[in-house]
Amino acid sequence: MSAAPAAAGMLSVEGLVKRFGSRTVLNGITFQVTPGEVLVIIGPSGGGKSTLLRCVNGLEDFSSGRIVLDGLVVQPSGANIWEVRKRAGMIFQHFNLFPHLTARQNIELAPRVALRRPASECRERAEALLARVGLAEFGHHYPGQLSGGQQQRVAIARALAMDPKLMLFDEPTSALDPETVGEVLAVMKELATGGMTMVVVTHELNFAKEVGDRILFMDAGVVVEDGTPGELLSQPRNPRTRQFIQAVL
Amino acid sequence: MAGVVPYLGLLVKGALITLEVSALALVCALVIGVVVGIVATSRFRAAQAAARVYVELVRSIPLLVQLFFAYYGLPLMFKVNFTPYQAATAALALYGGAYMVEAVRSGIQSVGRNQWEAARALGIGYWHTMTYVVAPQAIRVTLPAAAGIFISLLKGSSVASIIGFVELLQTAVNIRNTIFSLSPLLVAGILYFLMCYGLSRFGSRVERRFRYGGAS
């Protein structure tokens, strides 16, 4: 993607400021994501990465700045916030599946009640999505009967059922056993290859290098450095970035 | 002891009236509990406070006093006349309602914030989230409490004998006054026990049905 004007982007964040009381969590964040791009956000815990994602789909209010998602101006209490949420799928660190519903019911629910699609159509779609994330046989399992990696894959299928234009991943593998991290990253990689626009907050630098088109390094509420994986991971310009990458690798 | 035998039918009829009034009060209490419970967990401060006042007031005043209020007070205030049956039902409904509000509130609050966020992130609105995500999980906490409330309504309905409402206890007292024996009260006690024990067994069976697979 060549330098597209902001209006053509999938996501544009300009001068985003978020304060909790007297604490400034995000202090003027600006970046763009073009359609099909995979943006990976890295940085130390408490640097505002999760808060940033939560502002994008209106789970969190922000103090000032501007977010435009697929042409919609995001305002947490605005009339179009539900439209924003339908266009932005979100994956949580702790999956947040609905424990009283089976994997398949978890996937069917939102299209059925929020998009009012017919039950049979939702069911077929759920089966297809389960197959896509490698869980075709697990539709009737409850979340409590699945491993962490399987639950996170169900969560990805659940988000995809809404046909989002953009997927937000909030540390999707941080709560997983090491042996199930790979299966979740593989699904995410497959999504990226399929052309999904993604914003991924993660500590998995290998994933960032392999799948990311661009990496943002965030610390203390600001974007410290922004570049391609090659630039940012191999030759970080900023000493803070260098220090972080050396510590994580 | 044998003197009570001819009156057994009457006592069973009294038990059925007790059951009927308690069940009617429970249904009203459930409606009150769900509506006020949802209000109590909403983010409207004034409504929250009003729910709080209702719950605290009803829980701090003895049921007997509330019953007197329903039977003697309300007719004075609103120029309506309640039969003992209506007054008993109304008092029990308001009484059970306050406890039900708490049962519904703690049920709703037992469902973590992450469930609301997951639903919101999927574009599912408040009422749909309440219906399909929160309520089915809240019910596991609310239902056992509701069974307990039904039992206390059943026992509490005996207080209504004081305003001349002929339910199980008053039936037993009337029979005792005829045959001059305590046995009708003993039978009444057994009938109360059977009803309450049956309800609590039924309650735990329903509770089991609402469990779902696995942990978490």
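Taken together, the values in this text are just the output of simple stated rules run on the coordinates, not laboratory data. As the structure is a prediction and not an experimental result, all values here were calculated from the model. As a convention, Cβ positions derive from the backbone with ideal geometry for all residues, glycine included, and neighbour counts pool all protein chains shown.
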Within the bounds of the range A:140-148, is there any residue that is within 12 Å of chain B (Cβ to nearest Cβ) and under 29 Å from A:Val84 (Cβ atoms)? yes
Do you know which of the residues in the range B:159-175 that are buried (at least 18 other Cβ atoms within 10 Å of the Cβ) and not β-branched (Val, Ile, Thr) is nearest to the chain's Cα centre (by Cα)? B:Ala160
Would you point out which residue out of B:Ala118, B:Ala87 is out of contact with any helix residue (DSSP H, G or I) (no Cβ under 7 Å at 6 or more places or on another chain) and of a type in the set (A, V, I, L, M)? B:Ala118
Is there a residue in the range A:177-196 that is within 14 Å of chain B (Cβ to nearest Cβ), buried (at least 22 other Cβ atoms within 10 Å of the Cβ), in contact with a strand residue (DSSP E or B) (Cβ under 9 Å, 6 or more places away or on another chain) and closer than 19 Å to A:Phe207 by Cβ? no
Right, B:Leu143: within 14 Å of chain A (Cβ to nearest Cβ) and under 30 Å from B:Ala160 (Cα atoms) or not? yes
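Rundown of residues vs (1) part of a loop (DSSP other than H, G, I, E, B); (2) free of Cβ contacts under 8 Å to residues at least 60 places away in the same chain; (3) more than 10 Å from chain B (Cβ to nearest Cβ); (4) surrounded by fewer than 21 Cβ atoms within 10 Å (Cβ to Cβ), yes/no style:
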| position | (1), (2), (3), (4) |
| --- | --- |
| A:Val84 | no, yes, no, no |
| A:His100 | yes, yes, no, no |
| A:Arg125 | no, yes, yes, yes |
| A:Ala128 | no, yes, yes, yes |
| A:Gly134 | yes, yes, yes, yes |
| A:Arg153 | no, yes, yes, no |
For A:Val73, are the conditions met, namely being within 8 Å of chain B (Cβ to nearest Cβ) and among the β-branched types (Val, Ile, Thr)? no
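Kindly indicate the residue of the range A:86-95 that is part of a loop (DSSP other than H, G, I, E, B) and touching a strand residue (DSSP E or B) at 6+ places or on another chain (Cβ under 9 Å) and also farthest from the other protein chains (Cβ to nearest Cβ) among those meeting that condition.
Among those residues, the one meeting the criterion is A:Gln93.
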For the range A:52-68, give me the residue count where each residue is crowded, with 22+ Cβ neighbours inside 10 Å and more than 13 Å from chain B (Cβ to nearest Cβ). 3
Looking at the range A:32-82, which of its residues are within 29 Å of A:Arg117 (Cα to Cα), among the aliphatic types (A, V, I, L, M) and outside any strand (DSSP E or B)? A:Leu53, A:Val56, A:Leu59, A:Val74, A:Ala79, A:Ile81
Are any residues in the range A:102-114 in contact with a Leu (Cβ under 7 Å, 6 or more places away or on another chain), more than 8 Å from chain B (Cβ to nearest Cβ) and not β-branched (Val, Ile, Thr), and if so, which ones? A:Ala103, A:Arg104, A:Asn106
Among the helices (runs of 4 or more DSSP H) confined wholly to the range B:14-79, which include 2 or more residues that are touching an Asp or Glu at 6+ places or on another chain (Cβ under 9 Å)? B:45-60
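Anything in the range A:155-176 that is among the charged types (D, E, K, R) and away from every other protein chain (no Cβ under 12 Å)? List them, or say none.
Of the residues in the range A:155-176, the ones among the charged types (D, E, K, R) are A:158, A:163, A:165, A:170-171.
Answer for the range A:155-176, where residues must be among the charged types (D, E, K, R) and away from every other protein chain (no Cβ under 12 Å): A:Lys165, A:Glu171.
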From the list A:Phe244, A:Phe207, which residue is under 27 Å from A:Arg23 (Cβ atoms) and either without any contact (Cβ under 8 Å) to a residue 12 or more places away in the chain or aromatic (Phe, Trp, Tyr) (or both)? A:Phe244
